[in-house]
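Enquirer: Mind having a look at this structure? Questions to follow.
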Amino acid sequence: GDGIARENSPFINSAEMDRGNMYEGKNMALFEEEMDSNPMVSSLLNKLANYTNLTQGVVEHEADEDSKRKEVKVPRMGTFIGVYLPCLQNILGVILFLRLTWIVGTAGVLESFIIVFMCCACTMLTAISMSAIATNGVVPAGGSYYMISRSLGPEFGGAVGLCFYLGTTFAGAMYILGTIEILLTYISPSAAIFKAEEAGEETEAMLNNMRIYGTCIIILMAIVVFVGVKYVNKLALVFLACVILSIIAIYAGVIKTAFDPPDFPICLLGNRTLSKRSFDVCAKFTESNNETKTTTLWNLFCDSSLLNATCDDYFSLNNVTEIQGIPGIMSGVLADNLWSTYSEKGSIVEKKDQPSVAGSEEIKMGGLPYVFTDIMTYFTMLVGIYFPSVTGIMAGSNRSGDLKDAQKSIPTGTILAISTTSFIYLSCIVLFGACIEGVILRDKFGEAVNGNLVVGTLAWPSPWVIVIGSFFSTCGAGLQSLTGAPRLLQAIARDGIVPFIQVFGHGKANGEPTWALLLTAGICEIGILIASLDSVAPILSMFFLMCYMFVNLACAVQTLLRTPNWRPRFKYYHW
């Protein structure tokens, strides 16, 4: 009565509003050129062609806020293409292919199950908090940073944004290191620049190779990103297909081991695993034409090829045996792999219940062809290495401006993607433990199986499916980190919260963040100079954990304080 319009609040449930909302999101044929003339398949293909995994740039975001006057018709994306697929692609990554088998072997099936469950629970709770933040008010265009900073104020936004930025940048470094590891260990070992002269120098040579190749790749990728993000976008779908095909290949391989396990023999001396890189026949001597010849293996342990040569103590006391590396899912190998075997650095990978006679241990092990562990392992360290493989849950909100219904899509898509990937990880752990012999699981670079990728030995048509698939997917993920991170930094710089990074707000005329790209490549280079995937991953875990902690904290504080502007439509959160 007093001339104040009725306030639009969730508590006043009025019929008029419902009638108004009836038409929202409906295609009114009057304003639409072709109503539903496109058949289903072609429209799906069209959507897939528009699939992208990039954050919106600052310029797009500002244009989005300004240009309410000229509405351009963009193909709006649904939950599946807009949120679910980018999340899936960002979560499944390099750790699954390069380190998961090793984590299962070292921690045992039970403890690695606990590790994965902890990490997945962590991201799931963060996703729930993020959904609450996303559905509080209008979802702004411009990705997760804008969403958080517009909803919680610039201070929180800046804190989360910087952690998220550093995390994404180091993720780029980790992906690049993964790419080079796949290239130099499994695709073409001959491409290495530094070769190990003596037995103990392999790791040093490998690290230097990583540094040189990594620097080259980062320069290449920075140029690609500088020249055009369009091209990275076009490739997003290809990389996604690689990941999905690789995972299907792993599952197919597991099913195949049930009735026809692949033939990957491993050579044991006593209970110690031997590295197959330096010999081929797994025996001390061979019989041919009634004369006994010594093998290459004999020459590695003894001082001459004669039968009366002086040999290594352990070698002369123990027998050489050959066992199947992948006994298959029906073999009951799961029981041996249940418990953890943590070890010191440089210890020999041994099979638990194999008979072995101890020799005198004074002799140096360095030159002998055993499989050694390359770092010391313990539970928390494995958590640190594994955690980056569950990050990437923010990717769904990256294109928040392009979603048909962001309020619905972001929660649904993110939570579905996390459930899917958690299922993949947890099932992979049990299946790896049930199919693969423990010594191979603990052998990080597959030396006992001729330098094959351990997951690859399990995959169905051939190990190359996984090697090539993981190579391309890590390449693509690295590129995407390098495209996403500068835009994020530019957005933070434009908001002017941190004074000294305002320089990075400037870019090319079309808004591509040039300075931010340089800084990102520089920080990435730090990660690459560390050169070991196992040392970069925990750094990355810290950044992402801080970022997720801020998101959860923000949600909790707002809920506890009952702030008047905190009214998420997503109801399933709790402080």
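The values are calculated or read from the model by the stated rules, or taken from the named source; none is laboratory data. Since the model is a prediction, treat every value here as computed from it, not as a measurement. Counting neighbours? That spans all protein chains shown, and the Cβs are built from the backbone with ideal geometry, glycine included. For accessibility, only protein heavy atoms count, side chains too; no ligands or nucleic acids. Shrake-Rupley method; radii C 1.70, N 1.55, O 1.52, S 1.80 Å.
Enquirer: Per DSSP helix of 4 or more residues, -39500 (n - 2.57); summed, then divided by the residues of the chain. What does that give at 222 nm, rounded to the nearest 500?
Expert: Using -39500 (n - 2.57) per qualifying helix, the result is -18000 deg cm²/dmol.
Enquirer: About the Cα centre of the chain, what is the dipole size in debye to 20, counting +1 per Lys and Arg Cβ and -1 per Asp and Glu Cβ, all else neutral?
Expert: Details: 37 positive and 48 negative charges, 347 e Å.
The dipole magnitude comes to about 1660 debye.
Enquirer: Next question, about the same structure. If you plug each phi of the range 528-543 into the Karplus form 6.51 cos²θ - 1.76 cosθ + 1.60 with θ = phi - 60°, what whole-Hz ³J(HN,Hα) values come out, in order, with x for Gly and Pro?
Expert: Listing the rounded values in order: 6, 5, 5, 6, 10, 4, 6, 8, 6, 4, x, 4, 4, 4, 4, 4 Hz.
Enquirer: Now for a separate question. Starting from the residue with the highest accessible area, list LEU518, LEU240 in decreasing order, probe 1.4 Å.
Expert: On the way: LEU518 110, LEU240 10 Å².
From most accessible down to least: LEU518, LEU240.
Enquirer: If you take the C-alpha gyration tensor of the range 432-575, multiply each eigenvalue by 5 and take the square root, what semi-axes do you get, largest first, in whole Å?
Expert: Result for the range 432-575: semi-axes of 39, 26, 15 Å.
Enquirer: With unit charges on the beta carbon (Lys/Arg positive, Asp/Glu negative), name the residue among GLY328, SER304, PHE315 whose Cα is farthest towards the positive pole of the charge dipole of the range 284-335.
Expert: GLY328
Enquirer: Going by average Cβ neighbours within 10 Å, how do the peptides 88-95, 108-115 rank, with the highest at the top? Each step should come with its number before you reach the end.
Expert: Details: 88-95: 24.4, 108-115: 20.5.
Order by mean packing, descending: 88-95, 108-115.
Enquirer: When the gyration tensor of the range 208-357 is built from Cα positions, what are the square roots of 5 times its three eigenvalues, in whole Å, from largest to smallest?
Expert: Rounded to whole Å, the semi-axes are 43, 24, 17.
Enquirer: In addition: Quick one: order LYS444, LYS293 from most to least accessible surface, probe 1.4 Å.
Expert: Accessible-area ranking of LYS444, LYS293, largest first: LYS293, LYS444.
Enquirer: Just how large is the dipole of the range 440-539 about the Cα centre, in debye to the nearest 20, putting +1 at every Lys and Arg Cβ and -1 at every Asp and Glu Cβ?
Expert: Roughly 200 debye, rounded to the nearest 20.
Enquirer: Shifting gears a bit: Could you bin all the Cα-Cα distances of the range 147-191 into 10 Å bins starting at 0 and give me the percent of pairs in each, rounded to whole numbers?
Expert: Answer for the range 147-191: a P(r) of 26, 27, 19, 16, 11, 1 percent.
Enquirer: To the nearest 20 Debye, how big is the dipole of the range 97-245 about its Cα centre, given +1 on the beta carbon of each Lys and Arg and -1 on that of each Asp and Glu?
Expert: Details: 6 positive and 8 negative charges, 154 e Å.
In debye, rounded to 20, the range 97-245 gives about 740.
Enquirer: Before anything else, pin down the relative contact order of the chain: Cα pairs under 8 Å, at least 6 apart, normalised by residue count, whole percent.
Expert: Relative CO of the chain lands at 32 percent.
Enquirer: For the range 390-515, what is the accessible area per residue in Å², given a 1.4 Å probe and the full set of protein chains?
Expert: 31
Enquirer: Just report the Cα centroid separation between the range 527-571 and the range 274-331, whole Å.
Expert: Between the Cα centre of the range 527-571 and that of the range 274-331, the gap is 53 Å.
Enquirer: Rolling a 1.4 Å sphere over the protein heavy atoms, what is the accessible area per residue of the range 129-243, to the nearest Å²?
Expert: Accessible area per residue: 39 Å².
Enquirer: Provide TRP575, TRP566 ordered by accessible surface of protein heavy atoms (probe 1.4 Å), highest first.
Expert: Numbers: TRP575 165, TRP566 20 Å².
The most accessible residue leads, giving TRP575, TRP566.
Enquirer: Just to verify a number: what accessible area does LYS195 come out at with the full protein assembly present, 1.4 Å probe, Å² rounded to tens?
Expert: 110
Enquirer: Quote the Stokes-Einstein diffusion coefficient, in whole µm² s⁻¹, for the chain, based on the Kirkwood radius over alpha carbon pairs, a temperature of 37 °C and a viscosity of 0.692 mPa s.
Expert: The estimated diffusion coefficient comes to 126 µm²/s.
Enquirer: Could you tell me which residue out of ILE539, TYR572, THR520 lies farthest along the dipole of the range 476-575 toward its positive end? Charges go on the beta carbon: Lys and Arg +1, Asp and Glu -1, centred on the Cα centre.
Expert: The Cα lying farthest towards the positive end belongs to TYR572.
Enquirer: Find the Cα radius of gyration of the range 220-293, compare it with 2.2 N^0.38 Å by division, and give the number to two decimals.
Expert: 2.07
Enquirer: Divide, for the range 147-259, the radius of gyration over alpha carbons by 2.2 N^0.38 Å, where N is the residue count.
Expert: Taking the Cα Rg and dividing by 2.2 N^0.38 Å, one obtains 1.48.
Enquirer: With all distinct Cα pairs included, what does the Kirkwood hydrodynamic radius of the range 278-399 come out to in Å, to one decimal, could you say? It would help to have the intermediate numbers written out before the result.
Expert: Working: mean 1/r = 0.0538 Å⁻¹.
This gives a value of 18.6 Å.
Enquirer: Shifting gears a bit: Specify, per residue and in Å³, the volume enclosed by the convex hull of the alpha carbon atoms belonging to the range 262-328.
Expert: On the way: hull volume 6.7 nm³, N = 67.
Hull volume normalised by residue count: 100 Å³.
Enquirer: Which value, in Å² rounded to 10, gives the accessible area of ILE523 with a 1.4 Å probe and all protein chains present?
Expert: Surface accessible to solvent at ILE523 totals approximately 30 Å².
Enquirer: If you don't mind, another one. Can you send over the solvent-accessible area of LYS47, 1.4 Å probe, protein chains only, in Å² to the nearest 10?
Expert: 80
Enquirer: Then there is this: Tally up the carbon and sulfur contribution to the accessible surface of the chain as a whole percent, 1.4 Å probe, everything protein left in place.
Expert: 64
Enquirer: For the range 106-152, evaluate the Debye formula with one uniform point scatterer on each Cα (no solvent term) and list log10 I(q)/I(0) at q = 0.23, 0.32 Å⁻¹, rounded to two decimals.
Expert: For the requested q values the scattering log ratios are -0.76, -1.06.
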